[in-house]
Structure formats: C-alpha cells, structure tokens
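S.K.: There's a structure below that I have some questions on.
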Amino acid sequence: MYSKDQATQLKQAFWTVFGQYMGPVLSAEGLRTNWINYKTGVKHIFFRMQADNKRANISIDITHPDKELQQLFFEQFATYKTMLHSTLGEEWDWQLHTTDEHGKTVSRIYTGILPVSIFQKEDWPKLISFFKPRIIALDEFWNDVKVAFEV
C-alpha cells in the first residue's frame, strides 16, 4: 500500500507522462490542446479521464446543478449517440442522474477498463493506450457538435 503522498506523486507522475506523450498531438482543429484538462468551452460539460488502483474511466460528465437542464443536455447528446459511437469506434454506457465521487448528481456517458492500476508503472502503457484514442475521438466528435451545445 502507498502513503497518501506516494499515491499523489505516482498519479502526478502518470499524468505528467501522459501529457508529455500527448503533447505533439494536435486537436481536430489543428491546435495545441491540454488533453489532460480538456476544455469543452461549454459550462457544465466536461471530458474526464480518471484512474485509480483498480480501473480507468473516460467520460463526458454533464454537471449542471439544475437536474432538468442536465437532462436536456443528456438528451441532446443522445441525438448524437450514433455519431458519437461511430467516432469512438465503440459503444459507451449512458447514465442519467447518477452520483459522482463528491455526492453530486451528474449525468455521464463513459467507458472504462479493469483491472489496471495507475500505481503500477507496468500498467501505464495500457492506460495510455486506453485514454489516447478515446480523448482524440472525443475531440473530433466535439469539434463537429459543439456548436449545438453552445447557449
């Protein structure tokens, strides 16, 4: 088991390595992108990559505090479901009004892998191979549909 400081350092080290690996990759618009903290440009819509000692997930999180507006965003994504899955090359799971790790109600479109551990350096290539094509595909998808979500 790792101390809290060791766990934090290993996580930071992984995300630094991932950021360096993704650094040369340009966005769908041909721009430099902070892939780790991807900015959708739309309030309450986030692309998140998470990893812990058991699994890794990548998701579209809709965090609007108004559940009805959150559901409208979710339904809007659903109209692009075929396009999203086609761009990703796989189907993702869809959850309307679930609870995040902070106890807040969110809606989430996601996929994940297990068993992998961010704390095992030998798993890092697996994690990078999991995250890289999916965040690039999300960017490509978002480049095509973002205008429909801008208020």
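The values are calculated or read from the model by the stated rules, or taken from the named source; none is laboratory data. Because the structure is a prediction, the values reported are computed rather than measured. Don't worry about glycine lacking a Cβ; one is built from the backbone with ideal geometry, like all the others, and counts go over all protein chains shown.
S.K.: Filter the range 2-36 for residues that are out of contact with any helix residue (DSSP H, G or I) (no Cβ under 9 Å at 6 or more places or on another chain) and assigned to a loop (DSSP other than H, G, I, E, B) and give the result. Can you show your working first?
M.R.: So the first thing to find is which residues in the range 2-36 are out of contact with any helix residue (DSSP H, G or I) (no Cβ under 9 Å at 6 or more places or on another chain), and the list is 3-9, 11-12, 15-16, 19-20, 23-24, 26, 30-32.
Of everything in the range 2-36, those that are out of contact with any helix residue (DSSP H, G or I) (no Cβ under 9 Å at 6 or more places or on another chain) and assigned to a loop (DSSP other than H, G, I, E, B) turn out to be SER3, GLY23, PRO24, LEU26, GLY30, LEU31, ARG32.
S.K.: Look at GLY41 and say whether it is exposed (fewer than 13 other Cβ atoms within 10 Å of the Cβ) and either under 17 Å from the mean Cα position of the chain (by Cα) or at pLDDT 95 or above (or both). Show your work before the answer.
M.R.: Details: exposed (fewer than 13 other Cβ atoms within 10 Å of the Cβ): yes; either under 17 Å from the mean Cα position of the chain (by Cα) or at pLDDT 95 or above (or both): yes.
Taking the combined requirement at face value, the residue satisfies it.
S.K.: I'm checking my understanding of the structure. Among residues of the range 61-85 that are of a type in the set (D, E, K, R) and outside any helix (DSSP H, G or I), which one is surrounded by the fewest Cβ atoms within 10 Å (Cβ to Cβ)? Even if it seems obvious, please write down each step before you answer.
M.R.: To start, the set of residues in the range 61-85 that are of a type in the set (D, E, K, R) comprises 61, 66-68, 75, 81.
In the following step, the residues that additionally are outside any helix (DSSP H, G or I) were identified as 61, 66.
Working: ASP61: 18, ASP66: 9.
Top of the filtered list is ASP66.
S.K.: Would you point out the residue of the range 91-116, among those that are in contact with a strand residue (DSSP E or B) (Cβ under 6 Å, 6 or more places away or on another chain), of a type outside the set (D, E, K, R) and in a loop (DSSP other than H, G, I, E, B), that is surrounded by the most Cβ atoms within 10 Å (Cβ to Cβ)?
M.R.: VAL116
S.K.: Would you check if ALA13 is modelled with pLDDT under 95, small (Gly, Ala, Ser) and more than 26 Å from GLU150 (Cα to Cα)?
M.R.: Values: modelled with pLDDT under 95: no; small (Gly, Ala, Ser): yes; more than 26 Å from GLU150 (Cα to Cα): yes.
No.
S.K.: Hey, another quick one. Take the residues in the range 117-135 that are crowded, with 19+ Cβ neighbours inside 10 Å and of a type in the set (A, V, I, L, M); name whichever of them is farthest from TRP35 (Cα to Cα).
M.R.: Checking each candidate, the answer is ILE118.
S.K.: Identify, from the list GLN50, GLN71, the residue that is over 22 Å from GLY19 (Cβ atoms) and of a type outside the set (Val, Ile, Thr). Lay out the reasoning, then the answer.
M.R.: On the way: GLN50 fails: over 22 Å from GLY19 (Cβ atoms).
So the residue among GLN50, GLN71 that is over 22 Å from GLY19 (Cβ atoms) and of a type outside the set (Val, Ile, Thr) is GLN71.
S.K.: Search the range 51-60 for residues being over 17 Å from ILE136 (Cβ atoms) and not polar (S, T, N, Q), and hand back the single one that is surrounded by the fewest Cβ atoms within 10 Å (Cβ to Cβ). Quick ask: steps written out before the conclusion?
M.R.: Kept after step one, since they are over 17 Å from ILE136 (Cβ atoms), are these residues of the range 51-60: 51-55.
Among the residues that remain, those that are also not polar (S, T, N, Q) are: 51-52, 54-55.
Numbers: ALA51: 24, ASP52: 14, LYS54: 11, ARG55: 14.
Among residues in the range 51-60 that are over 17 Å from ILE136 (Cβ atoms) and not polar (S, T, N, Q), the one surrounded by the fewest Cβ atoms within 10 Å (Cβ to Cβ) is LYS54.
S.K.: Looking only at the range 93-107, count every residue that is touching a residue at least 24 places away in the same chain (Cβ under 8 Å) and within 15 Å of the chain's Cα centre (by Cα) and tell me the total.
M.R.: Just the residues of the range 93-107 that are touching a residue at least 24 places away in the same chain (Cβ under 8 Å), to begin with: 96-97, 100, 104-107.
Okay, now just the ones that are also within 15 Å of the chain's Cα centre (by Cα), so 100, 106-107.
So the answer is 3.
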